[in-house]
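Every number here is computed from the coordinates shown, using simple stated rules; none is lab data. These numbers were taken from a predicted model, which means no experiment stands behind them. For neighbour counting, all protein chains shown are included, and Cβ atoms are generated from backbone atoms with ideal geometry for every residue, glycine included.
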Amino acid sequence: MDLREILNYAWIHNLKLSEHYEGALIFTKAKGNRLWTIEGKEYLDGTSAVFNVNIGYGDNRVIEAIKKQLERLSFCSPYMICDSTLELIKELIKLVPNFKRIFLTSSGSDATETAIKMARQYHQMNGKGGKFRVVARWISYHGDTLGALSASGTPNWRKSFEPLLLNFPHIAPAYCYRCWFNKAPDECIKECALDLERCLRVEGKESISAFIAEPIVAGAGGAITPQKEYFKIIKEICEKYDILLIFDEIVTGFGRTGRLFAYEHFNVEPDLLVFGKGVTSGYAPLGGVLISKKVSEIFEKTESDNFINAFTYGHSPVSSSAGLEVLKILREDKLIERVNILSEYMFKRLQELEKYRIVGDIRGKGLLAGIELVKDKDSKKMFSDDEKVGHFIERYALDKGVLIFGRKGANAGMISDFLVLGPVFISTKEDIDKIINVIEEGIKLAERNFL
């Protein structure tokens, strides 16, 4: 039985079994920002896998760090802690000194769950046990576990699990291109932020523990980026009504937007910050929560129940050593500085695509960019669900050996098709040119087929 026959026994994430995985890519090796299939075809990775392989594949420094750790100590119970995990925490705290503690998990979804539970227990310890619900935004994604999915504003991904999901309210996204309040960006910067206050009044502020948001909405919204003042208003509302601000930086953390964390662009610090993906650059599973002094001190001072929330691999020495080496590489190779240089070039090239009729909006920061595709540029008319023009361009790029994301999104009727890019930090300008040139050819072909 060859590998393609074994596909009949696999269940690839988020793909329909009815599709029989025809043409599924089976990768066998990777180096830098290139991958190769078992047939030997080469692909340029334009999305850093799922926005996590930031420093690139096959970096021998990380591989050697993992090997040495495996030889010395391969596992540590989550009820104990090892030196490698403490070294990682020390390095992270040095980078974000305004946070007091770090809770490590196995993944980003686990980290979101942890933050939701921590926010609830924080209020309970403060004598406000009625505060347990989390407000989130439509057009958002925070993970696939039940609590994280309850917060996610993705109707198409939620619908099969609705009976299981928690009653978490959702508010309007900070989506200037399709403002939910019919305002132009230069006319208004706060209606979508004030929607949080409206929600608190309707739902009852006494039941709300936290507000969670991605600073820049990546996969669910094609790099939707709010105006700079947006999160300042959100923070003021959170403080006014005694709710915690949680930033989901699973995608945007560790340099993706040109800063270590995207919240730095908005000069607003959250009470809890959820991270994952880029912390180990895909070399090992790891996530976590950065915890502010305000939240940490309640748990330190209050004589109450423990925070019962443990993950078998939360204190993995192997993951910690991978994360430690990745942080070192980001610093020594000046990769975040490189992100800013490449970003300027990438967005300059992307602006050239505005001339095409189906290109409605180009947005993002750093090496995270979205291109929203429209049926009509003037009216911003969306493509219908069955046209799947984003997927069409993604498949075209795939045929040309370039990996990008093209999708309708998981938000029925809220957003049109879009493309998302997230190149590896070590990419060159020539790589950026190849990715955008292929996208441009795909857009031309899409205009002939869909207009």
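Computed from label points 7 Å out along Cα-Cβ, the spacing between K355 and R72 is 5.6 nm. With neighbour counts taken as other beta-carbon atoms within 10 Å, the residues R395, R120 rank, fewest first, as R395, R120. Over the chain, dividing the summed -39,500 (n - 2.57) contributions of all DSSP H runs of at least 4 residues by the number of residues returns a 222 nm mean residue ellipticity of -11000 deg cm²/dmol.
Ordering 277-284, 138-145 by mean Cβ neighbour count within 10 Å, with the highest value first, yields 277-284, 138-145. Each peptide in 62-72, 285-295 was scored by the mean count of other Cβ atoms within 10 Å over its residues; highest first, the order is 285-295, 62-72. Here the Karplus curve 6.51 cos²θ - 1.76 cosθ + 1.60, taken at θ = phi - 60°, turns the phi angles of the stretch 162-170 into couplings of 3, x, 8, 7, 6, 7, 9, x, 10 Hz, with x standing for Gly and Pro.
Quick check: net charge around F311, other residues with Cβ under 10 Å of its Cβ, Lys/Arg +1 and Asp/Glu -1? So the environment of F311 carries a net charge of -2. In plain terms, the chain from D333 to N8 could stretch by 112.7 nm, reckoned as 0.36 nm per residue minus the Cα-Cα distance. Simple rule: put +1 on each Lys or Arg Cβ and -1 on each Asp or Glu Cβ in the stretch 148-277, find the dipole, and look at A193, V268, L164; the Cα lying farthest toward the positive end is L164. Just for the stretch 187-302, what percent of DSSP beta bridges are antiparallel, to the closest 5? Antiparallel: roughly 40 percent of the beta bridges in the stretch 187-302. To the nearest 0.05, how large is the calculated FRET efficiency for L95 and R448 if R₀ is 60 Å and r is the Cβ-Cβ distance? The computed FRET efficiency comes out at 0.80. Normalised by the number of residues in the chain, the average gap of Cα pairs under 8 Å and 6 or more apart makes the relative contact order 21 percent.
Measuring between their Cα centroids, the stretch 1-61 and the stretch 303-329 lie 27 Å from each other. Take 226-238, 198-210 and order them by the average number of nearby Cβ atoms within 10 Å per residue, most first; the result is 226-238, 198-210. Summing charges over all other residues whose Cβ lies under 10 Å from the Cβ of V251, with Lys and Arg as +1 and Asp and Glu as -1, gives -1.
Modelled label positions at D144 and A24, each set 7 Å beyond Cα in the direction of Cβ, lie 1.3 nm from each other. A simple count of charges around K31, restricted to other residues whose Cβ falls under 13 Å of its Cβ and scoring Lys, Arg +1 and Asp, Glu -1, yields -1. In the stretch 344-451, Rg over Rh equals 0.94, where Rg is the alpha-carbon radius of gyration and Rh the Kirkwood radius from pairwise Cα distances. Annotation: the antiparallel percentage among DSSP beta bridges lying fully within the chain is about 70.
At a Förster distance of 56 Å, what's the computed FRET efficiency of L17 paired with E303, Cβ-Cβ distance as r, to 0.05? That pair, L17 with E303, gives E of 0.60. Simple point charges give the picture: +1 on the Cβ of Lys and Arg, -1 on the Cβ of Asp and Glu, and for the chain a dipole about the Cα centre of about 460 debye. Using the Cβ-Cβ distance between K41 and S379 with R0 = 45 Å, the FRET efficiency computed as 1/(1 + (r/R0)^6) comes to roughly 0.65. Cross-link check: pairs K348/K434; K68/K328; K293/K334; K228/K365; K235/K293; K375/K444 evaluated at a Cα-Cα cut-off of 18 Å; pairs beyond the cut-off: K293/K334.
Put a dot 7 Å past the Cα of E264, heading toward its Cβ, do the same for E430, and the two dots end up 3.0 nm apart.
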